[in-house]
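Asks: This is the structure I have questions about; it appears just below.
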Amino acid sequence: KTLEFKSENLDLERVIDGKLFLTVNSNFPISANVAMEFLDDNNQATLILYKIDGLIEAGDLGNADRVLNKKTSIITVPISNLQIQDLKKAKKVRIKAIFNTKPEMTSIKLFDSYSMEIVLSADFNYKLE
């Protein structure tokens with residue numbers, strides 16, 4: 001999913017480093033890893049984050065092979081000063097879920113009611129002037 005990345009309300013010029021927080025509510029029956037690409041106005045990547053520690057948890061299957069409840073996962077992504085410089089150029093963020101299947105799972109049904117709700121937030125360290 002590609003979303004608008006609104007950084008105009010942030011003073012990224014004074015940011016030293018920080019963390020991005022990806023909060024995901026998912027009712028998919030399989031877990032997923034996540035990757036993020038921050039894009040400029042021409043959809044060219046300014047920052048690519050493929051090796052993100054953390055996992056979007058799978059929902060628990062009920063009796064009818066349907067997920068009963070959404071699971072919330074919070075993934076923390078440290079951002080360096082060099083990466084902050086690349087974030088300054090970004091206008092969009094593309095978030096990718098890479099689904100994992102367990103070896104013991106032979107088949108699983110995916111229903112069109114399954115979804116992920118994603119919130120991207122940040123906590124930055126600023127230099128004072």
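Coordinate-derived values only; no laboratory data. As the structure is a prediction and not an experimental result, all values here were calculated from the model. Because the Cβ atoms are built from the backbone with ideal geometry, glycine has one as well, and the counts that use them run over all protein chains shown.
Asks: Given +1 on the Cβ of Lys and Arg, -1 on the Cβ of Asp and Glu, and no further charges, what dipole in debye does the stretch 62-129 carry about its Cα centre, rounded to the nearest 20?
Replies: Roughly 240 debye for the stretch 62-129.
Asks: Which FRET efficiency, nearest 0.05, do Thr101 and Leu128 yield, Cβ-Cβ r, R0 41 Å?
Replies: After rounding to 0.05, the efficiency reads 0.25.
Asks: Quick one: compute a quarter of the convex hull surface over the Cα atoms of the chain and quote it in nm².
Replies: 9.0 nm²
Asks: Modelling each spin label as a point 7 Å along the Cα-to-Cβ direction, I'd like the Asp65/Glu8 distance in nm, to one decimal.
Replies: The two pseudo-label positions are separated by 4.9 nm.
Asks: Still on this model: Taking the highest mean first, how do the peptides 21-33, 109-121 order by number of other beta carbon atoms within 10 angstrom per residue?
Replies: Ranking the peptides 21-33, 109-121 by packing returns 21-33, 109-121.
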